[in-house]
Every structure is written in C-alpha cells, then in structure tokens.
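Everything below concerns the one structure shown next.
The values are calculated or read from the model by the stated rules, or taken from the named source; none is laboratory data. Please read all numbers here as calculations on a predicted model, not as lab measurements. Because the Cβ atoms are built from the backbone with ideal geometry, glycine has one as well, and the counts that use them run over all protein chains shown. Accessible surface areas use protein heavy atoms only, side chains included; no ligands, DNA or RNA. Shrake-Rupley method; radii C 1.70, N 1.55, O 1.52, S 1.80 Å.
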Amino acid sequence: MSYQLTEILNRCDKADADFLVSTIDSWMNFTDDKGLKTELARWNGDGRIPEELNRKIEREIRYLGSNDLAYMLRKTRGYDPAGVGVDEIIDDLCKLLKIDISMAGTLEARLEIFAGKVVDQQFARLPKERQIEILNSMKFDEHHRKEIFDKVIQNKELLLPVILPLLGRTVGPEVLQAFIAAILSAFVGKAAAQALVTQVLARLPIAGPWLGPLMIGATTIWSLYDLTGPASRKTIPLILYLGILCLKDGRTKDFIEEFETKSLPE
C-alpha cells in the first residue's frame, strides 16, 4: 500500500510536525514514539520536512487507525506502510460521528470537508448563549450579524454554510482553522492547546478576534472528546490537523463549494 500523505505532510513546518508527533505519542500502544522524536530532533526546521520523518508520521497515523492484529499481520508480510489507508480511517470516523462526506472526491477534499463537518456538528451542540458569544466575537457588520443570528441562532441552520459565503474564499479557510484549533484543544491538554493557539495566531493573525473566545473553557464545552474511545481520541485530532494542513495552501475550491451548498444531516 503506497504512501498517501506525502504531499500534505510536506506542508508541515517544525511546529506542525511537533504537534503531530506529540499527539501520536502514547505509552498505551505500539507507536514508535522514540523514533518519531529522534527524527523530529534531527530537523532544524529549515526547508521541507525530511522524507523519513514525513513517512514515519504517516506510518504511525495509519497504525493508530488499524486493528493491532491485522496491522502486525500486514507488517510481517512486508507491507509498508502496514496500517490501513487514510480513507478508511476517515470513513470509520464518519461512521462514529455520524457525518456524511460522500460528495468529497480527493483525499485532500475529504480531509477539509470532514474537518468542516466536525466544526458544524460541534457548534450546533453548543449552548445557545455560547453560540451567541462566539458569533458576537466575530465582529461582522450589523447587516450580516442579523442575517447570521436569524439563520444560525433562530432557525438553527449550520454555521459554515451561513458564514463562509460572507467571509469569502480567502478568509473563510483561516477562520475554519481557528475553529478546528479550538476543538483540538479538548484532546491535547492545556499546555499543548496554548502552544497550538500561539502557532495558529502566528500564521493566521486574522483568526485573533475569534480564536480567543473559542478557546475559553474549550475542554468543558466541546462535546466531541466525551463521545470517543481511546483509539479515536488519537485519530480524530490527527485527521482534523491534517485538515488544517490541507487548508494551508489556499486551494480550497471544493471545500468552499461544499459549505456554500451542503448541510450536515441530523
């Protein structure tokens, strides 16, 4: 089975790679945490992520989405990587979270749209007062604020199909990255969450007005963590972060069109 994430992981800077490696790290499974940290330490952050670190990150992500017995069997037969395909991991998470991304074609589009659907799902589950607080922080003009509140708060339409057409194809993906970062904070702990916020704001200063309110009390507000088991508590943040990497290059035509026209099913 060939490597699938090479191009996407090539978008990593050192901070991105550090986040992925620290998220993979666990004493509860057979991930090669020492090998990952060694490869990460060898990279000074200049230029493209080293090929061996790129491949090692993909191997471990695909291992985490696999059944241990099946993984070991494939490994003894010489498969490299021996883990399941990334599409299979996404499909499993879609079933777990009851999310439909069947209209997405490429792996990159699937990662972006999966991340967006998770954001919509989680925002819809927030208490009304929390939704209002977040929308107020986004500082839309009065006309757009009324339209958003009428649709999202009063009529319970989904967030992204309402705000993305207003934000446009340049700002929209950056705002989505801020939402994803907030959801990720529930999985990675306070220190890692603070580092993630710093990283996102350094890269996306436009996210500043929204990311702060999104992060407040994140670990007690976002419900996604409580719905998942030990395995998906690793694969969900990793797949969401791959969505952030996909959104970094600005080629988001499929993603924007999906959320201008589609809704998340009940």
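Evaluated against (1) surrounded by 22 or more Cβ atoms within 10 Å (Cβ to Cβ); (2) under 18 Å from the mean Cα position of the chain (by Cα); (3) not acidic (D, E), A192 falls short on exactly one condition, (1). For region 198-226, the tally of residues that are part of a helix (DSSP H, G or I), at pLDDT below 70 and β-branched (V, I, T) stands at 4. No other residue among E51, E60, E39 is open to solvent by 20 Å² or more (accessible area, probe 1.4 Å) and in contact with a helix residue (DSSP H, G or I) (Cβ under 7 Å, 6 or more places away or on another chain) apart from E39.
In this structure, K117 does not satisfy being without any contact (Cβ under 8 Å) to a residue 60 or more places away in the chain and basic (K, R).
The residue list I99, I57 contains one member that is part of a helix (DSSP H, G or I) and touching a residue at least 40 places away in the same chain (Cβ under 8 Å), which is I57. If you take the residues of region 128-170 that are outside any helix (DSSP H, G or I) and closer than 18 Å to I113 by Cα, which of them is least open to solvent (accessible area, probe 1.4 Å)? The qualifying residue least open to solvent (accessible area, probe 1.4 Å) is L158. Screening P81 against (1) closer than 29 Å to T6 by Cβ; (2) modelled with pLDDT under 85; (3) surrounded by fewer than 18 Cβ atoms within 10 Å (Cβ to Cβ) leaves a single unmet condition, (3). Scanning region 94-119 for residues that are over 18 Å from Q4 (Cα atoms) and either polar (S, T, N, Q) or touching a Phe, Trp or Tyr at 6+ places or on another chain (Cβ under 8 Å) (or both) yields C94, I99, I101, S102, G116, V119.
Scan region 1-46 residue by residue and report those that are over 27 Å from M72 (Cα atoms), touching a residue at least 40 places away in the same chain (Cβ under 8 Å) and either aliphatic (A, V, I, L, M) or part of a loop (DSSP other than H, G, I, E, B) (or both). Steps first, answer last, please.
So the first thing to find is which residues in region 1-46 are over 27 Å from M72 (Cα atoms), and the list is 10-16, 41-46.
Going one step further and asking which of them are touching a residue at least 40 places away in the same chain (Cβ under 8 Å), we end up with 10-12, 15-16.
Result: N10, R11, C12, A15.
If you check P127 against the conditions, is it more than 18 Å from the chain's Cα centre (by Cα) and on the phi < 0 side of the Ramachandran plot? The answer is yes for P127.
Which of the following residues is more than 28 Å from S22 (Cα to Cα) and either of a type outside the set (A, V, I, L, M, F, W, C) or under 18 Å from the mean Cα position of the chain (by Cα) (or both): E147, E108?
E147
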